[in-house]
Number of protein chains: 2
Amino acid sequence: VGAARSDLILVTGGLGPTRDDITRQVIAEFCGVPLELDEPSLAHIRDLFARRRVPMPENNKIQAMIPKGAAIVSNPRGTAAGFAIKAGKAEIISLPGVPSEMKAMFEGWVLPHLAQRTGPRGVKITRLLHAFGMAESAVGEKIHHLMAPGRNPNVGTMVHEGIITVRINASGDTPEEASRLLGATEGEVRRILGDVIFGADGEEMEHAVARLLKERKLTVAVAESCTGGLVGHKLTNVPGISEWFLEGVVAYSNRAKTDLLGVPQDMVAAVGAVSAEVAAAMASGIRRRSGADVALGLTGIAGPTGGTPEKPVGLVFVALAKNSGLETRELRLVGTRAMIKDRAAKSGLNMLRLSLMGDTQYATRST
Amino acid sequence: VGAARSDLILVTGGLGPTRDDITRQVIAEFCGVPLELDEPSLAHIRDLFARRRVPMPENNKIQAMIPKGAAIVSNPRGTAAGFAIKAGKAEIISLPGVPSEMKAMFEGWVLPHLAQRTGPRGVKITRLLHAFGMAESAVGEKIHHLMAPGRNPNVGTMVHEGIITVRINASGDTPEEASRLLGATEGEVRRILGDVIFGADGEEMEHAVARLLKERKLTVAVAESCTGGLVGHKLTNVPGISEWFLEGVVAYSNRAKTDLLGVPQDMVAAVGAVSAEVAAAMASGIRRRSGADVALGLTGIAGPTGGTPEKPVGLVFVALAKNSGLETRELRLVGTRAMIKDRAAKSGLNMLRLSLMGDTQYATRST
């Protein structure tokens with residue numbers, strides 16, 4: 001149906017190795033061509049199984065069967081080869097539905113392919129600036145004048161998992177013009193929002209932290225309770241972090257807080273495990289035992305149960321221990337258990353980021 | 001445009017507090033009605049800010065402005081109220097674009113609303129069964145006869161982040177009939193695939209593990225290197241896990257492996273930090289120090305750099321320490337750093353799950 005009306009039909013999914021996956025057969029039939037084995041694709045599938053040291057099930061061979069005459073869209077992340085084939089005036093591009101595979105193939109093959117098809121036609125470029133620690137509405141108030149409808153560059157905001165993203169779309173007749181316009185607006189947004197912006201174009205908070213640790217040549221350790229390992233997980237998503245991240249402790253039980261981090265038992269008894277004091281003792285404890293330059297401690301109530309009127313679900317204390325002393329922050333978070341863990345971890349990393357940015361002791365420190 | 005052709009128009013996004021969010025204005029204009037303040041929605045927004053102990057920016061008030069005559073779709077997860085309004089024969093439902101908010105509102109309001117609108121019309125029910133540790137193609141070979149096109153229940157497979165999901169769709173004239181048909185096919189899939197299936201209907205591996213720990217009354221501790229805290233993060237996503245999860249150690253540096261886990265320095269020197277021996281020593285070490293009944297140890301090379309011909313990126317060792325001794329497994333994983341971390345963490349949790357299921361010592365153990 002689409003082929004009569006459209007220039008391009010993008011199909012995702014149905015390229016798996018099982019019987020319910022019939023996309024390749026349907027497209028071949030629609031185009032009136034048979035399926036043919038593509039040897040390089042089969043070799044790639046065999047290689048993936050060999051690297052995993054698993055024998056290749058016979059079924060997977062179907063994933064190298066491609067409609068005759070189609071161009072192969074190779075799959076760097078998985079077994080299913082994609083393909084592109086002409087159907088009358090239209091072009092059908094078929095990609096697997098597994099998100100990580102589909103995205104890699106879309107960015108690696110489809111976008112360049114389309115850019116080539118459409119040719120130069122004026123230039124649009126986009127920059128995403130990511131901010132944390134300010135409400136979206138407050139961001140919107142500050143850059144309201146840049147968000148006028150029809151303005152070039154066009155500016156909008158989005159929010160996802162606690163991160164506010166400012167999107168800047170610039171159009172120009174040439175790449176240089178678009179880039180100049182984008183640069184001017186980006187500069188103004190950065191000037192207005194300041195260090196609330198932690199990164200650009202998909203960069204996560206942990207990348208900003210890792211970059212600062214590397215610049216300052218500082219090591220870090222983390223003591224987590226309510227976040228359960230999420231801060232360590234985020235930090236270790238950054239390649240090369242092993243040079244700066246020494247260790248983490250997930251001290252879920254009070255015994256672990258005492259044994260591993262040296263939090264005094266009578267402190268826990270007196271003020272409770274969820275307290276600024278314990279967060280600070282956790283941060284100091286892991287800094288001391290690991291020998292790291294900076295350390296984070298996090299304790300809180302992720303919920304959904306365990307809250308009290310005095311200490312409700314979402315109450316989290318974050319502490320940062322460094323050479324010049326201790327800093328603690330009290331957070332009041334709302335949402336599901338997963339959201340509270342995520343926002344607490346991001347708040348901890350953000351506290352570390354701001355401290356690394358602001359503290360001149362680090363800039364002058366020789367390691 | 002859609003209103004002339006469609007019965008239902010679902011709009012997501014553009015309900016934020018900033019100037020670029022014009023969905024509510026556009027829909028009100030299209031319907032020829034003004035925007036009106038909805039007091040309960042405003043109270044909800046004020047309450048969310050109050051709970052976070054942050055003053056409400058004036059901008060957020062716009063999020064309680066609703067086209068006159070619309071039904072409110074309240075937002076349990078955020079500030080933006082959604083709404084539903086008639087436009088001629090069509091109904092327009094407007095939800096925020098933030099995925100967690102949109103999904104909660106879709107499931108909590110839109111689906112029941114649509115079910116009411118369409119009325120009973122035969123019944124369709126779906127069960128998702130999640131499997132780990134077998135290739136999708138191998139799953140497809142085993143249940144090939146159930147995947148015949150046109151069969152009721154209809155059976156298909158999907159894969160996402162290493163998890164193979166078997167989807168069973170059953171249709172019947174009554175709920176009882178659909179449920180009986182679904183039950184029979186589900187039983188057959190479960191019988192054929194056995195303990196490769198770890199959960200159903202969105203359940204994660206960590207939920208299965210937590211359920212088994214609770215049933216067996218066993219405590220767990222985790223020593224992680226390459227996964228960087230991800231196993232702890234996954235386990236602590238389960239509410240109530242604090243009773244069973246005692247502690248985690250993220251031993252990224254060799255010093256942490258020695259100091260915190262008692263891995264012998266000469267072992268690391270002799271066989272390397274990425275080895276079955278070190279994984280086993282990590283698991284035994286944290287089991288001993290935490291007093292947990294069972295413990296996991298994980299060490300590997302998450303990449304993208306750090307691999308050698310003998311120890312390539314994706315080589316991971318997982319060890320499980322328990323009363324009856326030690327078990328280790330060598331994994332050869334492929335993909336990005338994030339994928340390798342994720343698959344390693346899932347493999348570790350799956351090893352623990354299978355051990356908890358199979359081991360009769362636990363079933364008879366008195367704690």
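The values are calculated or read from the model by the stated rules, or taken from the named source; none is laboratory data. If you're wondering where the values come from, they're calculated on a predicted model, not measured in any experiment. Heads up, the Cβs are rebuilt from the backbone with ideal geometry, glycines too, and the neighbour counts pull from every protein chain shown. Side chains included, ligands, DNA and RNA excluded: accessible areas come from the protein's heavy atoms. Shrake-Rupley method; radii C 1.70, N 1.55, O 1.52, S 1.80 Å.
For a 18 Å ceiling on Cα separation, which of these pairs sit above it: B:Lys234/B:Lys341; B:Lys214/B:Lys234; B:Lys214/B:Lys322; A:Lys89/A:Lys124?
Numbers: B:Lys234/B:Lys341 12 Å; B:Lys214/B:Lys234 16 Å; B:Lys214/B:Lys322 16 Å; A:Lys89/A:Lys124 27 Å.
Over 18 Å Cα-Cα: A:Lys89/A:Lys124.
Note: segment B:97-196, Cα convex hull, 130 Å³ per residue. Mean partner shielding of peptide A:154-161, defined as the number of other chain Cβ atoms within 10 Å of each residue Cβ, is 5.
Any idea what the alpha-carbon Rg over 2.2 N^0.38 Å comes to for segment A:197-299? Mind dumping the intermediate values first?
On the way: Rg = 14.3 Å, N = 103, 2.2 N^0.38 = 12.8 Å.
Relative to the rule-of-thumb radius for its length, segment A:197-299 sits at 1.11.
Please give the net charge around B:Arg127, taking every other residue with its beta carbon less than 9 angstrom from that of B:Arg127, where Lys and Arg add +1 and Asp and Glu add -1.
Result for the neighbourhood of B:Arg127: -1.
Modelled spin-label separation between A:Arg167 and B:Asn152, with each label point placed 7 Å from Cα along the Cα-to-Cβ direction: 4.3 nm. The phi-based Karplus calculation (6.51 cos²θ - 1.76 cosθ + 1.60; θ = phi - 60°) puts the 3J(HN,Hα) values of segment A:246-257 at 8, 6, x, 10, 9, 9, 6, 7, 5, 4, 5, 4 Hz, whole numbers, x for Gly and Pro. Annotation: amide H-H contacts under 5 Å for B:Gly199 (H modelled 1.01 Å from N, sequence separation of 5 or more, or interchain): B:His130.
Counting Lys +1, Arg +1, Asp -1, Glu -1, what net charge surrounds A:Gly13 among other residues with beta carbon under 12 Å of its beta carbon? Computed value for this residue: -2.
Under 25 Å of direct C-alpha separation, and excluding same-chain neighbours fewer than eight residues apart, B:Lys61 reaches these lysines: A:Lys142, B:Lys86, B:Lys103.
When DSSP beta bridges are limited to those with both residues in segment A:209-367, what percentage is antiparallel, rounded to the nearest 5?
On the way: 14 of 24 bridges.
The antiparallel fraction comes to roughly 60 percent.
Here B:Gln265 and B:Arg288 are evaluated by their C-beta separation; at R0 = 22 Å the FRET efficiency comes out at 0.80.
When the scattering of segment A:1-115 is computed by the Debye formula from its Cα atoms alone, each counted once and equally, what is log10 I(q)/I(0) at q = 0.19 Å⁻¹? Each listed q maps to, in turn, -0.98.
Run the helix sum for chain A: -39,500 (n - 2.57) per DSSP H stretch of 4+ residues, divided by residue count, reported at 222 nm to the nearest 500 deg cm²/dmol. Write out the running numbers ahead of the final one.
On the way: 14 runs with 142 residues, N = 367.
My calculation for chain A gives -11500 deg cm²/dmol from helical runs alone.
Leaving ligands, DNA and RNA out of it, rank B:Asp266, B:Asp259, A:Asp38 by accessible area with a 1.4 Å probe, largest first.
Values: B:Asp266 110, B:Asp259 85, A:Asp38 30 Å².
Result, largest first: B:Asp266, B:Asp259, A:Asp38.
Estimated at 0.36 nm per residue, the fully extended path between B:Arg46 and B:Ala115 surpasses their Cα-Cα distance by 21.6 nm.
Please report the projected area of segment A:131-277's Cα convex hull averaged over all directions, in nm².
11.7 nm²
Close amide H pairs (under 5 Å, H built 1.01 Å from N) link B:Phe245 with B:Val220, residues at least 5 positions away or on another chain. Whole-Hz Karplus values for segment A:225-233 come out as 10, 4, 7, x, x, 5, 5, x, 4 Hz, taken residue by residue from phi with 6.51 cos²θ - 1.76 cosθ + 1.60 and θ = phi - 60°; glycine and proline positions read x.
When DSSP beta bridges are restricted to pairs lying wholly in chain A, around 75% turn out antiparallel. Projecting label points 7 angstrom from Cα along Cα→Cβ for A:Glu29 and A:Ile72 puts them 2.6 nm apart. Reported to the nearest whole Å, the Cα centre-to-centre distance from segment B:40-73 to segment B:223-291 is 46. Backbone amide hydrogens, once placed in the peptide plane, bring A:Glu91 within less than 5 Å of A:Leu8, A:Ile9, excluding anything fewer than 5 places away on its chain. In this simple spin-label approximation, A:Ile22 and B:Thr308 carry label points 7 Å from Cα along the Cα→Cβ vector, and these lie 5.3 nm apart. If R0 is taken as 22 Å, the Cβ-Cβ distance between B:Arg5 and B:Lys124 corresponds to a FRET efficiency of 0.35. Counting Lys and Arg as +1 and Asp and Glu as -1 over every other residue whose Cβ lies under 11 Å from the Cβ of B:Val263, the net charge comes to -1.
Need one value for A:334-346: mean number of C-beta atoms belonging to other chains within 10 Å of its residues' C-beta atoms.
Working: counts 7, 6, 6, 4, 3, 3, 0, 3, 1, 1, 0, 2, 0.
Taking the mean over all residues of the peptide, I get 3.
Highest-first packing order for the peptide set B:301-314, A:339-352, B:203-216 is A:339-352, B:203-216, B:301-314, based on the mean count of other beta carbon atoms within 10 Å. What the phi angles of segment B:185-190 give under the Karplus curve with 6.51, -1.76 and 1.60, with θ = phi - 60°, is a coupling list of 5, 4, x, 5, 4, 5 Hz, glycine and proline written as x. How many percent of all Cα-Cα pairs in chain B sit more than 29 Å apart? For chain B, the share of Cα pairs beyond 29 Å comes to 59 percent.
Rounded to two decimals, the Cα radius of gyration of the protein assembly as shown over 2.2 N^0.38 Å is 1.01.
For the protein assembly as shown, what proportion of DSSP beta bridges, expressed in % and rounded to the nearest 5, is antiparallel?
Bridges in the protein assembly as shown are about 75 percent antiparallel.
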